[in-house]
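The next block holds one structure in the form of structure tokens; read it before the comments.
What follows is calculated from the coordinates using simple rules that are stated; it is not laboratory data. All of these numbers come straight from a predicted model, not from anything done at the bench. All Cβ positions, glycine included, derive from the backbone under ideal geometry; neighbour counts span all protein chains shown.
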Amino acid sequence: MANSAQARKRARQANVRRDHNMSQRSEMRTAIKNVRKAILAGDKAAAQSVYVQAQATIDSIADKNIIHKNKAARHKSRLSGAIKAMAAAA
């Protein structure tokens, strides 16, 4: 446990930041899940529109260094590829 006032404050700040980052990460996961649901439903137009929103969310979280920029790029690339594969399958 933190003994000094400074260490106690830093522990409080770390908890606040952790909670905020966890909610941001959860928001990103939900956005990705919504795109995957639209892809499974087979509606390319809906999947494309949800993807645009998810892309903005993913980029925003990567800009804040909550996730690495390469991880953000990987998620966007795989979702985009899945949407493009819908056209090939149809």
| field | Burial ranking of peptide ranges 20-28, 50-58, 6-14 (average Cβ count within 10 Å, highest at the top) | value | 50-58, 20-28, 6-14
| With a 10 Å Cβ neighbour count serving as the proxy for reagent exposure, in which order, fewest first, do Leu79, Leu40 appear? | Leu40, Leu79
| field | Sites Ser80 and Asn15 - FRET efficiency at Förster radius 35 Å, r taken between beta-carbons, to 0.05 | value | 0.45
| said: Could you tell me the ratio Rg/Rh of the range 5-89? Both radii from Cα atoms, Rh via Kirkwood. | reply: 1.16
